[in-house]
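As structure tokens, the structure follows; a few thoughts come after it.
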Amino acid sequence: MYDDPAESLENQHARKPQNAPLDSGLYLVATPIGNLEDITLRALRVLKGVDRIACEDTRLTQKLLNYFGISTSTISYHEHNEQARTVELLALLQQGGRVAVVSDAGMPAISDPGLELVRAAVAAGVPVIPVPGANAALTALIASGLDTERFLYVGFLAAKPGARRAQLEALAARMQPGEAPLTLVVYEAPHRILQTLADVEAVWGESVRVVAGRELTKLHEEFLRGTALEVRVALAARERIRGEIVLLIEAHPLAPQSKAGGSVAQQVSEFMEAEGLDEKEALKRVARERGVSKSEVYRELQRERSKK
């Protein structure tokens, strides 16, 4: 059971004055994902009070610090120097230092640098203090209208089409027949979103429900809701797709594949019953399963029916 917020706040004020120096340790600080007003008062206090701020991009973080009048020194900490910087920052922490880690936007260590330093700090017995705040995945999820009770954060999919399709197929294969839908939360770049939506259609069918959250918390924030096909067509009609995207997929278990030699009619029936597809969509799925054209599958279905 969660603590009462009011009681927790009273205990916090009674325990330590707000202007007291920060304890030594590693602070994981969330930064705005778009709107600067989404930074927390606690985050500002921590960024002012630490000895060093480790940044994914020092230039970008410096703009944030300048906006809020924070003069704490920064150091780069990104995927290309993470290992070397971890050794350097851990030494500072073991000497009683106070280090904050920030990413360009959102929570550090979530599809961004930070995890290696966290693991090193934990192993060394250094306190790790999360300072929660904005997060793109959860921001998109709660506004999507899809299930928020059963969701899986996937992060970025593979950039190569074949590997990306294989990842989606593996996610679909994890679900058991009859299992409730699972909301998949995916990060995607604007130049790959159309290809990714096409892969989603190939795995779950063009009628699967999706939501694409774009420019979250910014001036041109937008949510596109509909089937994978509808959202793909809407985006494809634009001259240019801008902004990082959070794609949410209402993933259903796939119908079990028929055994070798099973009839087309049997497979069509399985897809219609298990996923609620109409016959047209079920025929498309069977064609993909068999690696043949939809027209060939349709002709075979008609032949099977004529024999009855």
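The values are calculated or read from the model by the stated rules, or taken from the named source; none is laboratory data. All of these numbers come straight from a predicted model, not from anything done at the bench. All Cβ positions, even for glycine, are placed from backbone atoms using ideal geometry, and neighbour counts span all protein chains on display.
Among the residues of segment 129-182, count how many are among the small types (Gly, Ala, Ser), under 14 Å from the mean Cα position of the chain (by Cα) and not in a helix (DSSP H, G or I).
3
Tally the residues that are of a type in the set (A, V, I, L, M) and exposed (fewer than 13 other Cβ atoms within 10 Å of the Cβ), restricting the search to segment 119-157.
The qualifying residues number 4.
Looking at (1) surrounded by 15 or more Cβ atoms within 10 Å (Cβ to Cβ); (2) more than 23 Å from PHE151 (Cα to Cα); (3) more than 25 Å from the chain's Cα centre (by Cα), find the lone condition where ILE241 falls short.
(3)
Could you grab me the full set of residues in segment 170-193 that are over 16 Å from ALA212 (Cβ atoms) and either surrounded by 15 or more Cβ atoms within 10 Å (Cβ to Cβ) or touching a Phe, Trp or Tyr at 6+ places or on another chain (Cβ under 9 Å) (or both)?
Across segment 170-193, the qualifying residues are LEU171, ALA172, MET175, PRO181, LEU182.
Do we find that GLY226 is at positive phi and in contact (Cβ under 8 Å) with a residue 12 or more places away in the chain in this structure?
Yes: the conditions hold for GLY226.
Report yes if ALA123 is in contact (Cβ under 8 Å) with a residue 60 or more places away in the chain and hydrophobic (A, V, I, L, M, F, W, C), otherwise no.
no
For a quick check of your reading: which strands (runs of 3 or more DSSP E) sit entirely within segment 18-114 and have at least 1 residues that are of a type in the set (D, E, K, R) and out of contact with any Phe, Trp or Tyr (no Cβ under 9 Å at 6 or more places or on another chain)?
52-55
Checking the condition over 30 Å from the mean Cα position of the chain (by Cα), among the polar types (S, T, N, Q), surrounded by fewer than 19 Cβ atoms within 10 Å (Cβ to Cβ) and modelled with pLDDT of 75 or more, which residue from GLN302, GLN267 passes?
Result of the check over GLN302, GLN267: GLN302.
Name the residue that is farthest from LEU283 (Cα to Cα), counting only residues in segment 199-218 that are in contact with a Pro (Cβ under 9 Å, 6 or more places away or on another chain) and not basic (Lys, Arg).
Checking each candidate, the answer is THR217.
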